[in-house]
Amino acid sequence: MSVSVEQTSVEPTSVEPSRSHSAPANAGGSEALRPHAENAFAAELAALAAHDDRPRPPRWKLSPWAVATYLLGGTLPDGTVITPKYVGPRRLVEVAVTTLATDRALLLLGVPGTAKTWVSEHLAAAVSGDSTLLVQGTAGTPEEAIRYGWNYARLLAHGPSRDALVPSPVMRAMAQGMTARVEELTRIPADVQDTLITILSEKTLPIPELGEEVQAVRGFNLIATANDRDRGVNDLSSALRRRFNTVVLPLPESPEAEVGIVSRRVDQIGRSLDLPAVPDGVDEIRRVVTVFRELRDGITTDGRTKLKSPSGTLSTAEAISVVTGGLALAAHFGDGVLRAGDVAAGILGAVVRDPAADRVVWQEYLETVVRERDGWKDFYRACREVSA
């Protein structure tokens with residue numbers, strides 16, 4: 001016997017459209033600091049849907065081709081520009097989208113800062129038009145977060161019933177044929193992780209208290225993300241891993257690609273915060289990216305000097321954070337132009353996670369590489385000042 005679960009929705013708060021020039025172009029007038037992907041890029045999604053004449057899987061808002069175009073960017077026949085949400089190998093995105101078009105779940109795996117959550121959100125927005133059916137994985141995530149819970153007032157008053165049942169995001173996605181998301185799957189306790197096995201293999205969620213079940217309707221699928229640096233936290237069982245098709249998201253291949261990613265993302269964040277334009281600070285962004293890449297690769301860009309790597313990941317996401325913080329310093333305490341002194345403290349905070357070991361690595365890098373590099377004297381002085 002199957003039971004349909006009624007969606008419990010929360011209407012977004014109505015706000016007066018912002019007239020600030022800094023509001024993101026696709027934010028739809030929302031004053032939310034960080035709108036959901038389907039809201040922030042509603043115009044692009046609508047334009048893609050209008051021009052999308054390719055076959056769509058059941059309950060998909062766009063065809064697989066249009067979803068990939070939304071993620072990777074492109075220009076539509078009417079001249080509408082679709083901005084890239086992910087910069088990386090096209091084949092990886094195509095495999096991810098194709099996986100969601102089958103009955104196999106998708107696992108996005110990678111080191112911290114490789115845009116796993118970002119890609120997951122935009123995939124769900126493009127496929128289902130809703131990226132909010134989300135389970136955030138932590139060491140304390142209970143089984144109810146994946147299966148269902150109970151309204152205990154109703155449960156005590158009337159016993160187990162549909163009215164007393166509180167559906168999880170996964171249950172709602174199953175009943176509505178939508179895409180659910182599970183962030184940081186390997187942080188969830190192993191016994192809770194395995195709750196997904198029946199859901200992903202049988203496409204069914206039993207409710208033994210009611211003697212019923214929820215059967216997934218066509219269109220349902222699940223995207224999970226996991227950090228492959230967290231070895232031994234809560235490794236996936238072989239039974240659960242078989243239920244996923246794994247796509248590994250790599251770090252950017254080249255310095256220029258990473259500079260482009262950081263510049264684009266910082267520009268998006270900066271416009272919402274009234275920060276200076278990114279083009280004024282491209283040189284500093286390039287230096288931040290160079291420092292991060294050299295330290296995490298353990299070798300200088302020219303291949304001549306081997307380096308010790310710090311304990312942190314020094315990911316692209318951290319570079320974005322450093323540059324955004326630097327732009328805020330430049331805007332509020334400088335002349336609005338991003339300079340070495342604006343990013344130096346942020347770099348120090350990103351590199352020196354272990355005060356003992358990482359500080360030695362950083363000081364050695366400053367003296368052997370930065371100090372001798374042409375055109376980096378201002379950067380060296382700024383870093384020395386904050387490192388003292």
| What are the residues whose amide H is under 5 Å from the amide H of T80, where those residues sit 5 or more places off or on another chain and H is modelled from the backbone? | none
| remark: Diffing segment 241-249: the Karplus 3J(HN,Hα) column from phi (6.51, -1.76, 1.60, θ = phi - 60°), in whole Hz with x for Gly and Pro, holds 4, 5, 7, 10, 9, 9, 10, 8, 8
| message | Taking amide H atoms as placed 1.01 Å from N in the peptide plane, list the residues 5 or more away in sequence, or in a different chain, whose amide H sits under 5 Å from that of T305. | response | T300
| remark: With every protein chain kept in place and a 1.4 Å probe, segment 255-387 has an accessible area per residue in Å² of 47
| query | In deg cm²/dmol, rounded to 500, what helix-only [θ] at 222 nm does the chain give when every DSSP H run of at least 4 residues adds -39500 (n - 2.57) and the total is split over its residues? | reply | -12500 deg cm²/dmol
| task | Calculate what fraction, in whole %, of the accessible area of the chain sits on carbon and sulfur atoms when a 1.4 Å probe is rolled over the protein chains. | result | 52
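Ranking request for peptides 305-312, 126-133: highest mean number of other beta-carbon atoms within 10 Å first, then the rest in descending order. Working shown, then result.
Details: 305-312: 15.1, 126-133: 22.4.
The packing order, highest mean first, is 126-133, 305-312.
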| note | Karplus ³J(HN,Hα) for segment 88-99 (6.51 cos²θ - 1.76 cosθ + 1.60, θ = phi - 60°; Hz, whole; x = Gly/Pro) runs x, x, 4, 4, 4, 5, 4, 5, 4, 5, 4, 4
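May I ask for the net charge around T138, where only other residues with Cβ less than 11 Å from the Cβ of T138 are counted and Lys, Arg are +1 while Asp, Glu are -1? Write down the numbers at each step before the final one.
Details: positive: R187; negative: E183, E184.
Every neighbour counted, the sum reads -1.
Considering only the other residues whose Cβ falls under 11 Å of the Cβ of T195, what net charge follows from Lys and Arg at +1 and Asp and Glu at -1? Spell out each step's value before the answer.
Details: positive: R147; negative: E143, E144, D191, D194.
With Lys, Arg at +1 and Asp, Glu at -1, the neighbours total -3.
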| field | Label corresponding to Rg and Dmax of the Cα atoms in Å when calculated from the structure given, among (i) 22.0, 71; (ii) 23.4, 76; (iii) 21.2, 65 | value | (ii)
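Per residue, how much accessible area does segment 157-217 show when a 1.4 Å probe rolls over the protein heavy atoms, in square angstrom?
Values: 2280 Å² over 61 residues.
Solvent-accessible surface per residue comes out at 37 Å².
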| message | For a protection proxy built on the mean count of beta-carbon atoms within 10 angstrom, sort 77-85, 211-219, 164-172 highest first, please. | response | 164-172, 211-219, 77-85
| request: Collect residues whose amide H, placed 1.01 Å from N in the peptide plane, falls under 5 Å from the amide H of L165; neighbours closer than 5 in sequence don't count. | output: N151
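The values are calculated or read from the model by the stated rules, or taken from the named source; none is laboratory data. Just so we're clear, the structure is a prediction, and the values are computed from it rather than from any experiment. Virtual Cβ from ideal backbone geometry, glycine too; neighbours counted across all protein chains shown. Ligands, DNA and RNA are excluded from the accessible area calculation, which covers all protein heavy atoms including side chains. Shrake-Rupley method; radii C 1.70, N 1.55, O 1.52, S 1.80 Å.
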